Amino acid sequence: MWGKRLLVGAVVMGVLVPTTLYYLLELHSLGELFAIAATCFTAWGVADILAGILERPRLKDRSPGRALREDLERRQSE
């Protein structure tokens, strides 16, 4: 995850969503804001990792080593 996607995700899930929740829930301390921000940011990171895992093609008739080599070759050619 690089570039614009990382920047937009960090701003939205680390700043915009937590501050919106902070005001809508009428919270009062900065600790609550930081707790919401940490939770949103961590959930976004975990969801992105899981999405990356799930988007990979299945092994089909390939061995795990062959699948990793093909994936590495595909990324190098991009």
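Nothing in this text is a laboratory measurement; each read-out follows from the coordinates by a stated rule. Not measured: the values here are computed from a predicted model. Cβ atoms come from the backbone with ideal geometry, glycine included; neighbour counts cover every protein chain shown.
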Exercise. Using beta carbons and a limit of 9 Å, which pairs, at least six apart or on different chains, have the first residue in the range 42-54 and closer than 13 Å to Gly14 by Cβ and the second one among the β-branched types (Val, Ile, Thr) and in a helix (DSSP H, G or I)?
Worked result: Trp44/Val12; Trp44/Val17
Problem set entry | Residue tally, condition surrounded by 14 or more Cβ atoms within 10 Å (Cβ to Cβ) and under 26 Å from Arg75 (Cα atoms), over the range 29-60 | 3
Exercise. So is Arg74 in a helix (DSSP H, G or I), over 20 Å from the mean Cα position of the chain (by Cα) and loosely packed, with under 12 Cβ neighbours inside 10 Å or not?
Worked result: yes
Exercise. Of the residues Gly52, Gly31, Gly9, Gly14, which is more than 21 Å from Asp71 (Cβ to Cβ) and under 10 Å from the mean Cα position of the chain (by Cα)?
Worked result: Gly9
Exercise. Among (1) under 20 Å from the mean Cα position of the chain (by Cα); (2) among the charged types (D, E, K, R); (3) surrounded by fewer than 10 Cβ atoms within 10 Å (Cβ to Cβ), which single condition is Glu26 missing?
Worked result: (1)
Exercise. Does Ala38 satisfy being within 27 Å of Asp71 (Cβ to Cβ) and part of a helix (DSSP H, G or I)?
Worked result: no
